[in-house]
Structure formats: C-alpha cells, structure tokens
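Okay, so here's the structure we're looking at.
Just so you know, all these numbers are worked out from the coordinates, no wet-lab data involved. Source: prediction; values computed, not measured. Cβ placement follows ideal geometry from the backbone for every residue including glycine, while neighbour counts extend to all protein chains displayed.
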Amino acid sequence: MRTVEEHQAVVAALLPPLPEEEVSLAAAHNRVLARDVRASVALPGFDNSAMDGYAARWSEVAPPPVRLPVADDIPAGRTDVVPLAPGTVQRIMTGAPLPDGADVVVPVELTDGGTDVVEIRDSPAAGTHLRHAGEDIAAGAVALTAGSPLGAAQLGLAAAVGARTLPVRRRPRVLVLSTGSELVEPGAPLLPGQIYESNSALLAAAVEDAGGTARRLHFVPDDVDQFLATVRAELATADLLITSGGVSAGAYEVVKDAFAALGTVEFAKVAMQPGGPQGAGTVDGVPVVTLPGNPVSSFVSFEVFVRPALRRALGHAAPGRLRAPAVLTAPLRSPAGRRQFLRGRYDGGLVSQVGGPGSHLVAHLARANCLVVVPEDVTELPAGAQVDVVLIEGALQ
Ligand SMILES: Nc1nc2c(c(=O)[nH]1)N[C@H]1C(S)=C(S)[C@@H](COP(=O)(O)OP(=O)(O)OC[C@H]3O[C@@H](n4cnc5c(N)ncnc54)[C@H](O)[C@@H]3O)O[C@H]1N2
Ligand code: MOO
C-alpha cells in the first residue's frame, strides 16, 4: 500500500510548472503571480497631506490662536505647488502635494475655514497629518513576490505602482469525466437503481477553486470502448484529465480496465480513508488522475492529491490549505493503518465531526468546513483531544 505522501509525489510529478502569460489586471484576479513585480514609483510618490486643512510651519501656528494669510490653494492633483512663504499658510486638500517649507497640516476643523485669512484655533502636534514619500514602499522595491495569489489588495497595489499587466501562469485546462452505468443527468427521471451524476459538478468546481479551468465531459457508462473513445476525442487540448469511478475491485471497473491495459497509468491502494483506490499516469502523453467514485472519496482525493499539484504547477508559494490545531468536541474512532480525513465543522478552535466515515455521505460533506486528519497510527481519540484540521476555504462562512 502507498502512503499519502508517496501518491502525492506521483501526482505532483505529472504536472510541471505551467507556462507564463502576461494579462491585464482584471484578468489577473485570483491568478498567481509568476515573477516578482517591482514598484515603478514610490508610494506615496511625494510628501502630501493626510487631511483637508492648511499646510503650515509648526513654529508659526503654535501656540494658538493665530491668524495667518492664506497664500495659495492646493487641491489634489495640482502639479505646480510653490514653496510656503514665511508667515503664510496654504489651504491644502487630502492627497495634495505638500509645499516646500511646510512641516505640519492643520485640519480644517481646528480653524475658522478662512480662504483669505485663517484663524487657527488649536494647533496639531508637530509634524502631524503628513504622509511621507516612500513610507509605504520605495521606488524599485519588490511590490509583489512571485507565487502570490492576486486578490483585491494585490491588484490594488499593482495598479498603484503603475503596472498595467501582470505575469501569471496559464490556468491548467482540466477535463472531468465521470463513469458509471447507474448515472443520470440531474433533473431527468430516475429508474430504480439509478442515481444523479454529481461528481463532475463537484470536481469541476474544485478545479476552478484550485485555479484551473474545468470542462465536464458527458459521463459514460461502464464500457471500455466508449470510455476510451470519449477520452481520446478530447485529450489533446488538456493539461490534465480527472476521471471518477471505476477503479476499485468490482467486475465492471471501466477506468482501471481501460487504462491498465495501456500500461501508462498505475493503480494503487493508498493508506487513507476515504480515497483508498487511486490511479495516476499519462494517456497519449497527457497526465491523468483517476479518482474513486464515491462522492466524498472523489472530493477528499482531489483535495489531497490534485489540488496541491495544480496549485504547485500554477506557482503558488503556498500550495496547501491552511491547517489549524482544534479540540474535538466528541470522541472518535479511526481504522488502524490509514490516515482518515473525516468531515468536520470547525469553529473557534473546536471541531465536531459531521456525519460518519461513510464515503457516500455527500449531504454531510456539504455541511462540513474542514477535514479532520487522524494519523495512521491513531485508532481512538477522546473528547478534548487535539487534532489537526484542514480548513476548506469558501466553506468557512
Ligand atoms: N471489494 C471491494 N469493493 C470496494 C473496494 C475494495 O477495496 N474492495 N473499495 C471501496 C472504496 S474504498 C471505494 S472509494 C469505492 C471506489 O469505487 P470506484 O471508484 O470503482 O467507484 P464506483 O464503484 O464506480 O462508485 C462507487 C460509488 O460511488 C457512486 N458514484 C460513482 N460515480 C458517481 C458520480 N459521478 N456521481 C455520483 N455518484 C457516483 C456509485 O454509484 C457508487 O455508489 O469502491 C469500494 N468498493
Ligand atoms: O476509500 Mo473509499 O474512498 O473508502 O470510500
């Protein structure tokens, strides 16, 4: 039997780093930066005011009250600011360049708001309400490091330092193909013994969450020829094919039967639950990962093997999920020799199991926000024991 880490390494080796492309900031949202980006300007770019008020010399406005002529008006965006003449102030707005000679801004609330002559009724502390050039980032410094996920704040910073486009890695194109003669399109009538096909919806969403683009192929019955024909018709355009079902020990294991015969996909049992039966390799030179059909097994296998490999190929600095220590609210049991990934609900440092260990419990999976990891050598844990949980972002609301 393979360890979890051994199979993780097999899957990761199938997916080399994806090629770089340069995209607009809007298109870079939720992508991963491929190279460091340096600031073409400092932030702030120049000394400026943090308040609407009056640029002044502190020695001339203390102690209050003081009346001084307003020599000029500096709205934000003014590019021809003149130095502050001694014995005067300049009316200044938030973000406007500070005139040479000023060393304090008096907020308008501390004055009578005069436009020709202003009465300063209270003076601020020396040097306050100023924003200094370069205090956030210096020109030429690295603003964003390779491997950073590009969310709202990172895209805001990229624009603030003058970037119009960003280098990212191309999204992996992932085909998703479910197998099983019992499967029916959701919404269509069901005959006894049939079920709605749900793994392709689950896996396609998981691929998109991981940063890939997913294409669901129409599921196929347990027929090797039909399965191989569907795969071969589509494979050339893909970076990865994920299949679900048909990999265990039964009489109609379509994925195993079809791919084992090619000799380029290896099937193995991994010491985990759910997600025991796994396969990985290439078909016609394209990486293929075969996941077990039970919906919870498909989800957990994707989480443990495919998601980190896709994110590593995308260049993520942190390809794994966030993990946290948590305290069990109730005792649990786990089979010896297998790492368990139980579904749980994590809240404020406590975690409760959601449903039992059965790999068919998709409704319970949908209520979980974490996976509770029970090591291979642990068979029982009491309430109050500390466990490691994998936080499933997006399910955390
Ligand atoms: N004798 C043995 N039987 C089984 C073993 C074993 O070692 N020996 N392993 C069990 C484990 S663990 C798992 S996991 C499953 C994996 O089986 P397959 O990957 O071959 O999957 P199927 O048999 O096709 O389906 C299993 C289960 O999941 C349902 N399913 C499949 N595809 C979908 C889909 N697209 N949408 C919704 N539900 C799906 C299917 O109807 C079955 O109920 O094998 C155990 N058996
Ligand atoms: O490994 Mo299966 O995935 O237990 O249900």
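Annotations
- Separation in nanometres of the label points that stand 7 Å from Cα toward Cβ, at V70 and E380: 8.0
- At an R0 of 45 angstrom, the distance between the Cβ atoms of A317 and L190 translates into a FRET efficiency of 0.50.
- Other-chain or far-sequence residues with amide H under 5 Å of R38's (modelled H): A143
- Taking I195, I392 and counting other C-beta atoms within 10 Å, the order from fewest to most: I195, I392
- Every helix of 4 or more DSSP H residues in the chain counts as -39500 (n - 2.57), and over all residues that averages to -5500 deg cm²/dmol at 222 nm.
- Across the stretch 341-346, coupling constants 3J(HN,Hα) worked out from phi with the 6.51/-1.76/1.60 Karplus curve, θ = phi - 60°, read 10, 7, 7, x, 10, 9 Hz, and Gly and Pro carry x.
- Length gained on full extension, A125 to T165: 10.2 nm, using 0.36 nm per residue less the C-alpha separation.
- Contact order, relative form, for the stretch 1-97: 29 percent (alpha carbon pairs under 8 Å, 6 or more residues apart, mean separation divided by residue count).
- Residues T213, T115, T230, T79, sorted so that the one with the fewest Cβ neighbours within 10 Å comes first: T79, T115, T213, T230
- Considering only N30, T290, H316, the residue lying farthest towards the positive end of the dipole of the chain is T290, judged by Cα position with unit charges set on Cβ.
- Semi-axis lengths, Å, the stretch 209-315, gyration tensor of Cα atoms, sqrt of 5 times eigenvalues: 20, 18, 12
- For the peptides 53-65, 17-29, the ranking by packing is 53-65, 17-29, with the highest mean count of neighbouring Cβ atoms within 10 Å listed first.
- Gaussian network model of the chain, springs between alpha carbon atoms under 10 Å - residue of E266, E234, E119 with greatest fluctuation: E119
- The string of couplings for the stretch 112-123 from the Karplus curve (6.51, -1.76, 1.60, θ = phi - 60°) is 8, x, x, 9, 9, 10, 10, 9, 9, 8, 8, 10 Hz, one whole number per residue in order, with x for Gly and Pro.
- The charge dipole of the chain, taken about its Cα centre with unit charges on the Cβ atoms of Lys, Arg (+1), Asp and Glu (-1) only, comes to about 860 debye.
- Candidates D116, D52, D257, ranked by Gaussian network fluctuation over the chain, Cα under 10 Å, top entry: D116
- For D80 and A233, the difference between the fully extended length at 0.36 nm per residue and the C-alpha to C-alpha distance is 48.6 nm.
- Shape summary: the chain maps onto an equivalent ellipsoid whose semi-axes, from the alpha-carbon gyration tensor, are 61, 25, 17 Å in decreasing order.
- In terms of other Cβ atoms within 10 Å, D223, D347 run from fewest to most in the order D347, D223.
- Rounded to 5, percent antiparallel among DSSP beta bridges of the chain: 70
- Counted residue by residue at 0.36 nm each, then reduced by the alpha carbon distance between them, the extension gain from T3 to E21 reaches 2.9 nm.
- Pairs of Cα atoms nearer than 8 Å and 6+ residues apart set the relative contact order; for the chain it is 17 percent.
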